[in-house]
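**Q** Below: one structure in structure tokens.
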Amino acid sequence: MSLTLRDVSTGYGRRRVIAGLSLPDLRSGEVTTLAGPNAAGKSTLLKAIAGLAPFTGQIALDGQDLAQLSAPARAKIVGFMPQSLPSGASLNVLETVITALRASGERAVTEPPETRAMAVLLRLGIDHLALAGLDQLSGGQRQMVSLAQAIVRAPRLLLLDEPTSALDLARQVRLLSEVRRIAAEGRIVLTVLHDLALAARWSDRIAILHKGGLYAFGPPAEVVTPAMLGEVYGVIARVERCSQGHLMVQIDGEIPGGASGAGAKERGAQA
Amino acid sequence: MSGSELLDRYHRQNRRRAALVGAMAVFALIAVLVDLTTGPSGLPLSETIRTLTGAEVPRGTSVIVWQVRLPVAVMALLVGAALALAGAEMQTVLENPLAEPFTLGVSAAAALGAGVAIVLGLTIPFLPPAWGITANAFLFSLGALGLLQLMGRLRGGGPEVLILFGIALNFTAAAFLSLLQFVASAEDLQQLVIWTMGSLQAVNWGSVTILALVIAVTVPFALMASWKLTALRLGEEQARGFGVDVTALRRWALLRVSLLAATAVSMVGVIGFIGLAGPHIARMLVGEDHRFLLPASIFTGALLMSAASTLSKLLITGTLLPVGLVTSLIGLPVFFWLILRGRPGR
């Protein structure tokens, strides 16, 4: 199973955010991280793949052109976890996950939707929240619910837009290890992460987006380098290995004058 | 608690909600019976029920029940149901708890249409004069919602844009109505003012049938969209991610809202706040799973409107108050409460 992106351009209205981007095929069983400075087009690209933003070029899953599919058909094979958290509706957690399953018009095939939804909550360790109102949850809890909504249809391709932004350290680890398990089941996972150390630790490959195109793509150790951090993010950085061999990214400061990257202006870029 | 225990509780909760919806339906029917027994000529409940079940009753009683009171009572029920369903769908698709046909200019446009018929005598040619005002009100309110959709589409159709256009439409229609009132003769002015207060007195079985048909056609489609509407309550991005075509959902929901609101308002005049209070009370009772929320809104609206119809006869002895005035008096506190509660997005 593979996801193909060829010559993809996307944006909002007339504004092009990504222009003519091609990626080596993403394979099942792997977690790929999209990274890059703010406004590099990471979320927009993810939305284009999810069918939520218009694009030109080819985005295909196993040779099936995703643009040709209807929204419900696409939702069956593509799970999307948006950056925005589910709003505080008067619904409990279980209801929202059932809704994620039923809204695309999918009928119960083997087991009732509520059983499937409950199984997902159990898997993510949030089953105790099943009957809690969405409006009573913390941001982090809502983010876990959002992941449950994205995976309940057991999609072949899982797209995650900054899935750890509202999570504390323990939950970041829990979510990302769960994401690894999901990939290990033979799914393709593509996630946006700002934290490059986290990305290096949990993903198989990293794609760095910069100035509307692909700057680098490959295993973390090849992509996350001081040269890349300087050029793309405009920061002076060291990349070292810890005693266990994991990559560690140390940011020492900004490059005076902003280097060549937009990152110097975008102080929000973290690594 | 184990997974199966939680699922049991979820199922129990749903059964309780279904029971609540059923209870609201029963209360609405009781309210209609009470409405039927209220009026200048005192008819006891037993006599009313005997008449309805076809027992032998004096001809006068039969006429009062079948020709005078029943159309009015049924119309109250239907108008309440239509406006509350319209309000519930509007609040969801426009993602705003204060959205309803009344706040977004539908009623004001209907009043302007009625004003054009009453003051200027302009209406659809070849139509029986009795239907002129209704036809104008219907066309104007449908036009207002059509304009709203069109403007929204030009600007991308987001909920904020639609809300702002709705408010602008409301003020525009009100301004033109003031102009008409200024140039109207004393007699026309009185008729127009009374129309804008909302009244059930002019209804007959013909208008009841038309509204019943509109409800019968729109309700199944609304119920079929209930999962999608629930999904939209989680946020537009979420719903799109679940495979919901939000643009189409919004367009079809607003079409249903247009038909329901335009038909209801054109037949009974301006009725405020039922479209706001009905869905909010329903939401408190059954939550936001639209499989329950939509029917609960329908019955709550019907109940409120029947109660308002009864109150309009009782509040001042010997005087029949315009029912729109009564619904506003009931609804305004709800409106203020919603604002003061200060929890946006609910």
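The values are calculated or read from the model by the stated rules, or taken from the named source; none is laboratory data. Just so you know, these numbers come straight off a predicted model, no measurement behind them. Note that each Cβ is placed from the backbone with ideal geometry, even for glycine, and that neighbours are counted across all protein chains shown. Protein only, heavy atoms only, side chains kept; ligands, DNA and RNA dropped before computing areas. Shrake-Rupley method; radii C 1.70, N 1.55, O 1.52, S 1.80 Å.
**Q** Would you mention how many residues in segment A:51-65 are touching a Leu at 6+ places or on another chain (Cβ under 7 Å) and open to solvent by 10 Å² or more (accessible area, probe 1.4 Å)?
**A** 1
**Q** What's the total number of residues in segment A:128-152 that are touching a residue at least 60 places away in the same chain (Cβ under 8 Å) and facing chain B (nearest Cβ under 8 Å)?
**A** Adding up the residues that qualify gives 3.
**Q** In contact (Cβ under 8 Å) with a residue 24 or more places away in the chain, within 21 Å of B:Leu180 (Cα to Cα), over 18 Å from the mean Cα position of the chain (by Cα) and surrounded by fewer than 18 Cβ atoms within 10 Å (Cβ to Cβ), is that true of B:Leu120? Don't jump to the end; show me each part of the working.
**A** Working: in contact (Cβ under 8 Å) with a residue 24 or more places away in the chain: yes; within 21 Å of B:Leu180 (Cα to Cα): yes; over 18 Å from the mean Cα position of the chain (by Cα): yes; surrounded by fewer than 18 Cβ atoms within 10 Å (Cβ to Cβ): yes.
Spelling it out, B:Leu120 is indeed in contact (Cβ under 8 Å) with a residue 24 or more places away in the chain, within 21 Å of B:Leu180 (Cα to Cα), over 18 Å from the mean Cα position of the chain (by Cα) and surrounded by fewer than 18 Cβ atoms within 10 Å (Cβ to Cβ).
**Q** May I pose another question? For the structure I just gave you, tell me whether B:Leu122 is in a loop (DSSP other than H, G, I, E, B) and either of a type in the set (Lys, Arg) or farther than 30 Å from B:Leu234 by Cα (or both).
**A** Here the answer is yes, as B:Leu122 does meet what is asked.
**Q** Mind telling me which of the residues A:Ala48, A:Ala73, A:Ala100 ends up being assigned to a helix (DSSP H, G or I) and more than 12 Å from chain B (Cβ to nearest Cβ)?
**A** Every option except A:Ala48 fails the conditions.
**Q** Looking at segment B:243-271, I want the residues that are open to solvent by 10 Å² or more (accessible area, probe 1.4 Å) and have a partner that is of a type in the set (Lys, Arg) with Cβ atoms under 8 Å, at least 6 apart or on another chain. Which pairs are those?
**A** From residues that are open to solvent by 10 Å² or more (accessible area, probe 1.4 Å), the pairs are B:Leu249/B:Lys228.
**Q** Which of (1) open to solvent by 20 Å² or more (accessible area, probe 1.4 Å); (2) touching an Asp or Glu at 6+ places or on another chain (Cβ under 8 Å); (3) outside any helix (DSSP H, G or I) is the odd one out, the single condition A:Ser43 does not satisfy?
**A** The failed condition is (3).
**Q** Quick check: is even one residue across segment B:265-283 within 14 Å of chain A (Cβ to nearest Cβ) and of a type in the set (A, V, I, L, M)?
**A** yes
**Q** Only one of B:Leu260, B:Leu223, B:Leu255 is under 30 Å from B:Leu70 (Cα atoms), within 14 Å of chain A (Cβ to nearest Cβ) and under 19 Å from the mean Cα position of the chain (by Cα); which?
**A** After ruling out the rest, the residue left standing is B:Leu223.
Yes/no matrix, rows are residues, columns are (1) open to solvent by less than 60 Å² (accessible area, probe 1.4 Å); (2) more than 22 Å from B:Phe273 (Cα to Cα); (3) touching a helix residue (DSSP H, G or I) at 6+ places or on another chain (Cβ under 7 Å):
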position: B:Gly87; (1), (2), (3): yes, no, yes
position: B:Met90; (1), (2), (3): yes, no, yes
position: B:Val106; (1), (2), (3): yes, no, yes
position: B:Ala114; (1), (2), (3): yes, no, yes
position: B:Pro128; (1), (2), (3): no, yes, no
position: B:Ile133; (1), (2), (3): yes, yes, yes
position: B:Ala137; (1), (2), (3): yes, no, yes
position: B:Ile167; (1), (2), (3): no, no, no
position: B:Val193; (1), (2), (3): yes, no, no
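**Q** Can you give me the ranges of the helices (runs of 4 or more DSSP H) entirely in segment B:1-83 with at least 3 residues that are touching a Leu at 6+ places or on another chain (Cβ under 7 Å) and over 30 Å from A:Pro112 (Cα atoms)?
**A** B:3-37
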